[in-house]
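Peer 1: Sharing a structure here in structure tokens format.
The values are calculated or read from the model by the stated rules, or taken from the named source; none is laboratory data. Please read these numbers as outputs of a predicted model, since none were measured by experiment. Neighbour counts run over all protein chains shown; Cβ positions are idealised from the backbone, glycine included. For accessibility, only protein heavy atoms count, side chains too; no ligands or nucleic acids. Shrake-Rupley method; radii C 1.70, N 1.55, O 1.52, S 1.80 Å.
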Amino acid sequence: MPGSPVSLGCAVMLSPGAAGPPDSGVITTITQATLTANGMPLATAGSIATMTNSLSGVSYMLPIGSTGVSTGVSVSGQGLVRLGDRIPSGPGVMTILGPPAAPFVTDGNAP
């Protein structure tokens with residue numbers, strides 16, 4: 001899905017979550033520092049989201065998967081994560097909710 005790149009603090013949702021119902025979280029760690037927009041590193045596959053289990057409230061870390069990210073823009077072999085991407089990660093599919101790091105930039109490449 002074409003969209004704008006995201007960075008630290010971007011909201012994400014995992015469905016189904018670790019215990020069944022969807023879990024919510026934010027991107028907290030970006031493993032690359034080469035590609036930036038507005039001074040913020042852009043998320044790529046392998047970046048980490050801190051998720052909150054919707055039933056127990058326990059936090060857990062979840063790496064962003066490599067399927068469903070941009071196939072045209074990559075950094076060190078890891079695809080760019082964009083607003084609206086649906087990425088298989090852990091027990092479910094992670095949906096990237098936003099906000100975008102650079103709304104004036106759009107990656108139109110397929111997932």
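Peer 1: Consider a paramagnetic label point 7 Å from the Cα of F104 along Cα→Cβ; state which residues of segment 20-37 have an amide N under 17 Å from it.
Peer 2: Flagged as within label range: 36-37.
Peer 1: Enter the accessible area per residue of the chain (Å², integer; probe 1.4 Å; all protein chains in place). Show your work: numbers first, answer last.
Peer 2: Values: 5010 Å² over 111 residues.
Ligands and nucleic acids excluded, the result is 45 Å² per residue.
Peer 1: Normalising by the residue count of the chain, find the relative contact order in percent from Cα pairs under 8 Å and 6+ residues apart. It would help to have the intermediate numbers written out before the result.
Peer 2: Details: 326 pairs, mean separation 39.4, N = 111.
Taking the mean separation of contacting Cα pairs over the length of the chain, I get 36 percent.
Peer 1: Sticking with this structure for a sec: In terms of modelled amide H atoms, which long-range or inter-chain residues lie less than 5 Å from the amide H of T71?
Peer 2: Those lying under 5 Å, H to H, from T71 are A110.
Peer 1: Moving to a separate point now. Where the accessible area of the chain is counted over protein heavy atoms with a 1.4 Å probe, how much of it, in %, is carbon and sulfur? Let's see the in-between values first.
Peer 2: On the way: 3080 of 5010 Å².
Within the chain, the accessible surface is 61 percent carbon and sulfur.
Peer 1: Express the Stokes-Einstein translational diffusion coefficient of segment 47-108 in µm² s⁻¹, to the nearest whole number, given a Kirkwood radius over alpha-carbon pairs, 25 °C and a viscosity of 0.890 mPa s. Could the numbers behind the result be given before it?
Peer 2: Details: Rh = 12.8 Å.
The Stokes-Einstein estimate is 192 µm²/s.
Peer 1: Separate question: Based on the alpha carbons, how large is the Rg to Rh ratio for segment 1-106 when Rh follows Kirkwood? Let's see the in-between values first.
Peer 2: On the way: Rg = 12.7 Å, Rh = 13.3 Å.
Value, to two decimals: 0.96.
Peer 1: Could you give the Stokes-Einstein D for segment 6-59 in µm² per second, using the C-alpha Kirkwood radius, 25 °C, 0.890 mPa s? Kindly include the intermediate steps, with their values, before the conclusion.
Peer 2: On the way: Rh = 11.7 Å.
For these conditions, the coefficient is 209 µm²/s.
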